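Inspection log for the structure reproduced underneath, given as structure tokens.
The values are calculated or read from the model by the stated rules, or taken from the named source; none is laboratory data. For clarity, every value in this text was computed on a predicted model and none was experimentally measured. A quick note on method: Cβ atoms are made from the backbone with ideal geometry, for glycine too, and the neighbour counts reach across all protein chains shown. Ligands, DNA and RNA are stripped out before the accessible areas are found, and what is left, the full protein with its side chains, is counted by its heavy atoms. Shrake-Rupley method; radii C 1.70, N 1.55, O 1.52, S 1.80 Å.
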Amino acid sequence: MHTVPSDFSSQPVQTETQLDRLEHEALAEEARLKEAAKDAKAKAKKESKKVKSNFEANSDNPVYIGNAVAVVALSAGLGFGAYRKYAAGELTWKVVGAWTAVVGLFATADFYLSS
């Protein structure tokens with residue numbers, strides 16, 4: 001005859017079999033996460049090579065270079081303007097929405113002009 005503590009039924013793990021199963025599931029989950037991280041790293045490396053080759057292939061294309069310069073300039077201008085509005089306490093969702101609309105119009109016009 002074995003005795004068990006009075007709180008035995010409220011314990012999350014009551015048998016060694018349950019403990020073994022939980023340990024096995026934890027190891028399997030850890031292996032799955034390692035495999036997912038490895039796959040994500042390989043995918044990111046592949047994407048970076050694709051972007052690099054895309055940039056090298058279009059390095060002499062004036063539309064591509066113009067778009068890159070426009071995106072950098074627009075991003076810098078919007079970031080600086082947003083910081084100034086934030087520092088002055090004037091940055092609201094209306095202002096953000098209006099500038100988002102401006103960026104959308106710019107992107108649409110750029111798309112049609114570049115095509």
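Key figures for this structure:
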item: Computed label-point distance, nm, for sites LEU19 and GLU90 using a 7 Å Cα→Cβ extension; result: 6.7
item: Additional length obtainable on full extension of the chain from VAL103 to LYS45, 0.36 nm per residue less Cα span; result: 17.9 nm
item: Segment THR3-VAL63, extension gain: residue separation times 0.36 nm, minus the distance between their alpha carbons; result: 13.5 nm
item: Inter-label distance, nm, simple model (7 Å from Cα along the C-beta direction), ALA82/GLU56; result: 3.3
item: Accessible area expressed per residue, the chain, with surrounding protein chains retained (probe 1.4 Å, Å²); result: 88
item: Accessible carbon and sulfur surface of the chain relative to its total accessible area, %, 1.4 Å; result: 64
item: Net charge of neighbours whose Cβ lies under 14 Å from the Cβ of ALA98, counting Lys and Arg as +1 and Asp and Glu as -1; result: +1
item: At least 20 Å along the helix axis (C-alpha) and Kyte average at least -0.5, DSSP helices within the chain; result: 62-88, 93-114
item: Total formal charge among the other residues, if their Cβ is under 12 angstrom from that of LYS38, Lys/Arg +1 and Asp/Glu -1; result: +3
item: Centre separation in Å (Cα based) which lies between region 23-48 and region 59-115; result: 36
